[in-house]
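Here's the structure, in structure tokens; my notes come after.
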Amino acid sequence: MMNKREETRNNKKQEITKTEILSFVKMVLICFVLVFLCVKFFFRPITVSGISMYPTLEDKEFGFSNVFSAITSDLQRFEVVVVQDEKTGDDLWVKRVIGLPGDEIEYFDDQLYVNGEPVEEPFLNKKYMEDQIGQSGYGNNFTNDLDPFVLGEDEYFLMGDNRPVSRDSRAVGPFKGQAIVSKYVLVLYPFDKIGLVTNNE
């Protein structure tokens, strides 16, 4: 028969085991909460799907985008953003801010005009785009010319850097600010592309 000392020792072991299990469960829950908060308010993981931002971002590249900055700071022209709303469905689109609220936007002969003034887009690889137009698998889906139009309050005109194939505001119209869920993209994979995508890239 088990004496009282052994019984007490076994009870203590059971209590320690229960305490360890509860501590582990608490730790797991805390980790889940922290991950949720980070994704919701700080850094959103993204995987680039498609070539609409090529050559700035390539298909299958993985990284993080800053949610907090999109919430706390104003969007600037040419910033790379992640957008999602009824126009994109369940997909996250990575695009570039071209037009801001109140801007008059016009494209003529591959030149961007904002409020009547020409604006350079140093991140575009125009030779690459010209080479792709007409090749198999590519097409000039959207005209390069856009008649002048004015963005309304809280409207943003977003475009991909690979203009011949990008589905963007030219097809679905401007996006509201609330549709832009994060901005900036820090590429982490592939490893030879690690770095922050800047406004001029």
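The values are calculated or read from the model by the stated rules, or taken from the named source; none is laboratory data. This one's a predicted model, so the numbers in the text were calculated from it and none came from an experiment. In this analysis, Cβ positions are derived from the backbone assuming ideal geometry, glycine residues included, and neighbour counts consider all displayed protein chains.
How about region 145-165: which of its residues are crowded, with 18+ Cβ neighbours inside 10 Å and in contact with a Pro (Cβ under 9 Å, 6 or more places away or on another chain)?
Residues satisfying the conditions are Leu151, Glu155, Tyr156, Phe157, Leu158, Asp161, Asn162.
Of the conditions (1) touching an Asp or Glu at 6+ places or on another chain (Cβ under 6 Å); (2) in a strand (DSSP E or B); (3) hydroxyl-bearing (Ser, Thr, Tyr), Ser65 clears all except one; give me its number.
The number of the failed condition is (1).
Filter region 55-68 down to residues that are surrounded by fewer than 18 Cβ atoms within 10 Å (Cβ to Cβ), farther than 22 Å from Asp131 by Cα and not basic (Lys, Arg), then give me how many there are.
First pass over region 55-68, keeping only residues surrounded by fewer than 18 Cβ atoms within 10 Å (Cβ to Cβ): 55, 58-60, 62, 68.
Now narrow it down to the ones that are farther than 22 Å from Asp131 by Cα: 60, 62, 68.
Among the residues that remain, those that are also not basic (Lys, Arg) are: 62, 68.
Qualifying residue count, region 55-68: 2.
Do we have any residue at all in region 167-178 that's in contact with a helix residue (DSSP H, G or I) (Cβ under 6 Å, 6 or more places away or on another chain), under 21 Å from Pro101 (Cα atoms) and loosely packed, with under 15 Cβ neighbours inside 10 Å? Outline the logic, then answer.
Filtering region 167-178 for residues in contact with a helix residue (DSSP H, G or I) (Cβ under 6 Å, 6 or more places away or on another chain) gives none.
Checked against the condition, which is being in contact with a helix residue (DSSP H, G or I) (Cβ under 6 Å, 6 or more places away or on another chain), under 21 Å from Pro101 (Cα atoms) and loosely packed, with under 15 Cβ neighbours inside 10 Å, region 167-178 yields no hits at all.
Give me the pairs: first residue in region 176-190 and within 16 Å of Phe157 (Cβ to Cβ), second residue surrounded by 14 or more Cβ atoms within 10 Å (Cβ to Cβ) and aromatic (Phe, Trp, Tyr), beta-carbon distance under 8 Å, and six or more apart or on different chains, which are they?
What qualifies is Lys176/Tyr156; Gly177/Tyr156; Ile180/Tyr156.
Mind listing whichever residues of region 168-200 are assigned to a strand (DSSP E or B) and closer than 15 Å to Ser73 by Cβ?
The initial filter retains those residues of region 168-200 that are assigned to a strand (DSSP E or B), namely 175-176, 180-189, 195-196.
Ile180, Val181, Ser182, Lys183, Tyr184 - these are the residues of region 168-200 that are assigned to a strand (DSSP E or B) and closer than 15 Å to Ser73 by Cβ.
Looking at this structure, is Ser52 touching a Ser or Thr at 6+ places or on another chain (Cβ under 6 Å), assigned to a loop (DSSP other than H, G, I, E, B) and surrounded by 15 or more Cβ atoms within 10 Å (Cβ to Cβ)?
On the way: touching a Ser or Thr at 6+ places or on another chain (Cβ under 6 Å): yes; assigned to a loop (DSSP other than H, G, I, E, B): yes; surrounded by 15 or more Cβ atoms within 10 Å (Cβ to Cβ): yes.
So Ser52 passes the test.
From the list Asp85, Asp74, Asp91, exactly one residue is free of Cβ contacts under 8 Å to residues at least 24 places away in the same chain, charged (D, E, K, R) and not in a strand (DSSP E or B). Which is it? Spell out how you get there, then give the answer.
On the way: Asp85 fails: free of Cβ contacts under 8 Å to residues at least 24 places away in the same chain; Asp91 fails: free of Cβ contacts under 8 Å to residues at least 24 places away in the same chain.
It is Asp74.
May I ask you to list the residues in region 167-189 that are on the phi < 0 side of the Ramachandran plot, small (Gly, Ala, Ser) and at pLDDT 90 or above? Give the steps one after another, and end with the answer.
Going residue by residue through region 167-189, those that are on the phi < 0 side of the Ramachandran plot are 167-172, 174-183, 185-189.
Checking which are small (Gly, Ala, Ser) leaves us with 169, 171, 177, 179, 182.
Scanning region 167-189 gives Ser169, Gly177, Ala179, Ser182.
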